[in-house]
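Structure first, then comments.
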Amino acid sequence: KHSEHAGTMSATSEDGLTVHLALTSSPSSPRIPLKIPKDVPAGKLRSSAAEATKIPLSSIKLIFRGRLIAESDKDAVAEFKLEDGCVVHCMGKPASDAAGASVEAAGSATTAAPVSAAPAGASVTIPAAATA
């Protein structure tokens with residue numbers, strides 16, 4: 001089942017759709033795209049979202065159009081009328097040890113990640129090769 005949503009970048013949305021996960025605990029962080037099959041059960045959508053956002057499954061709450069997507073076997077796309085490119089709000093705090101890693105991974109390679117990762121007052125040397 002896990003290989004289903006991996007897909008290639010050139011795949012059309014016929015076999016599934018992409019929803020964007022917005023973290024309510026961190027509104028400034030970029031939305032996380034999540035590719036899902038059209039017949040995904042609500043429970044699987046919740047576990048995939050928990051994995052993508054690093055929010056523990058036990059505490060994540062998914063909200064779409066004001067409705068809570070609860071743990072169930074129902075087809076989430078049909079039940080909640082999810083559409084390709086829609087935004088699902090994820091409530092809950094990401095696991096603290098993964099919070100920094102997910103923010104860094106979301107940034108592009110050109111951002112000065114070492115600066116933000118350094119403790120306050122520490123001097124950081126950025127190698128010249130990083131600008132190439």
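The values are calculated or read from the model by the stated rules, or taken from the named source; none is laboratory data. All of these numbers come straight from a predicted model, not from anything done at the bench. Every residue, glycine as well, gets a Cβ built from its backbone with ideal geometry; the counts of neighbours run over all protein chains shown. Ligands, DNA and RNA are stripped out before the accessible areas are found, and what is left, the full protein with its side chains, is counted by its heavy atoms. Shrake-Rupley method; radii C 1.70, N 1.55, O 1.52, S 1.80 Å.
Answer yes or no: is there a residue in region 43-50 that is buried (at least 18 other Cβ atoms within 10 Å of the Cβ) and touching a Lys or Arg at 6+ places or on another chain (Cβ under 7 Å).
No: region 43-50 contains no residue that is buried (at least 18 other Cβ atoms within 10 Å of the Cβ) and touching a Lys or Arg at 6+ places or on another chain (Cβ under 7 Å).
Please indicate, with yes or no, whether at least one residue in region 31-42 is within 13 Å of the chain's Cα centre (by Cα), assigned to a loop (DSSP other than H, G, I, E, B), surrounded by fewer than 16 Cβ atoms within 10 Å (Cβ to Cβ) and of a type outside the set (A, V, I, L, M, F, W, C).
Within region 31-42, one or more residues are within 13 Å of the chain's Cα centre (by Cα), assigned to a loop (DSSP other than H, G, I, E, B), surrounded by fewer than 16 Cβ atoms within 10 Å (Cβ to Cβ) and of a type outside the set (A, V, I, L, M, F, W, C).
Does region 55-82 hold any residues that are closer than 14 Å to residue 95 by Cα and open to solvent by 90 Å² or more (accessible area, probe 1.4 Å), and which are they?
Answer for region 55-82, where residues must be closer than 14 Å to residue 95 by Cα and open to solvent by 90 Å² or more (accessible area, probe 1.4 Å): just 58.
I'm trying to understand the selection: among the residues of region 26-84, which are among the small types (Gly, Ala, Ser) and closer than 19 Å to residue 96 by Cα?
Matches in region 26-84: 26, 28, 29, 47, 48, 49, 50, 52, 58, 59.
Could you tell me whether any residue of region 1-23 is at pLDDT 95 or above and charged (D, E, K, R)?
The answer is no, given that none of the residues of region 1-23 is at pLDDT 95 or above and charged (D, E, K, R).
Open to solvent by 40 Å² or more (accessible area, probe 1.4 Å) and at pLDDT below 95: is that true of residue 129 in this structure?
Spelling it out, residue 129 is indeed open to solvent by 40 Å² or more (accessible area, probe 1.4 Å) and at pLDDT below 95.
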